Amino acid sequence: MKKLLLVFVTLLATFSLGVGLTMYLRHRHRQTNKPWNASPCPDGLASVDNTAEPTLKITLLETSCENQIAAVHFNVSNVGMAPIKYYQVRAIYTYENYVDDGAEFGTGPLVAGQSNEGYIGHGPPRLAHDKPVGQLRSITVIPSLLEFEDGRKWRRPSIYEPTPQ
């Protein structure tokens, strides 16, 4: 009986050590292999426009511009008093020949004072007949949709939506 108990304890210790080591190495790998660490965008290329909705504050953490892919890693904070049930953040990519207003990140909820991180990144779109859009000129991150717990909604329309008369 003592032999069986010793074998069981040895197997349990070996299993626990293996799981612990695997978790440690995976966590360490995730921390050092961030996609935005590779090649930061030049200063001034990426920016934030918080003016339209001041209750959602966006702060750029890191940027990446490499191999025709431009990405932003950002922090979103609810600096207002009302809890937010759902929110969306949009990245507007401005190229030489085109403005792309479609890259979004959305999640929720976000209580007053709470923050969350987000990431938006994609390669350049192509125009008709596979024509390139040209050099990337800027990336602007904006709040685009807020749904509050009390039912109120705020939305910033796309630049391609018709303006109401």
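The values are calculated or read from the model by the stated rules, or taken from the named source; none is laboratory data. As the structure is a prediction and not an experimental result, all values here were calculated from the model. Neighbour counts are summed over all protein chains in view; Cβ atoms, including those assigned to glycine, are modelled from backbone coordinates with ideal geometry. All accessible areas refer to the heavy atoms of the entire protein, side chains included, with ligands and DNA or RNA removed. Shrake-Rupley method; radii C 1.70, N 1.55, O 1.52, S 1.80 Å.
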With the first residue restricted to region 48-77 and required to be open to solvent by 60 Å² or more (accessible area, probe 1.4 Å), and the second required to be part of a strand (DSSP E or B) and among the aromatic types (Phe, Trp, Tyr), Cβ contacts under 7 Å at 6 or more apart or on different chains are Leu61/Phe74
Quick count over region 108-155, residues being open to solvent by 60 Å² or more (accessible area, probe 1.4 Å), in contact (Cβ under 8 Å) with a residue 40 or more places away in the chain and part of a loop (DSSP other than H, G, I, E, B), is 5
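Could you tell me which residue of region 35-58 is modelled with the highest pLDDT, considering only residues that are aliphatic (A, V, I, L, M) and either part of a loop (DSSP other than H, G, I, E, B) or more than 16 Å from the chain's Cα centre (by Cα) (or both)? Break it down stepwise before answering.
The initial filter retains those residues of region 35-58 that are aliphatic (A, V, I, L, M), namely 38, 45-46, 48, 52, 56, 58.
Restricting the remaining residues to those that are either part of a loop (DSSP other than H, G, I, E, B) or more than 16 Å from the chain's Cα centre (by Cα) (or both) gives 38, 45, 52.
Numbers: Ala38: 61, Leu45: 90, Ala52: 81.
Here the residue is Leu45.
Farther than 16 Å from Lys57 by Cβ and open to solvent by less than 40 Å² (accessible area, probe 1.4 Å): does that describe Asp100? Outline the logic, then answer.
Details: farther than 16 Å from Lys57 by Cβ: yes; open to solvent by less than 40 Å² (accessible area, probe 1.4 Å): yes.
Taking the combined requirement at face value, the residue satisfies it.
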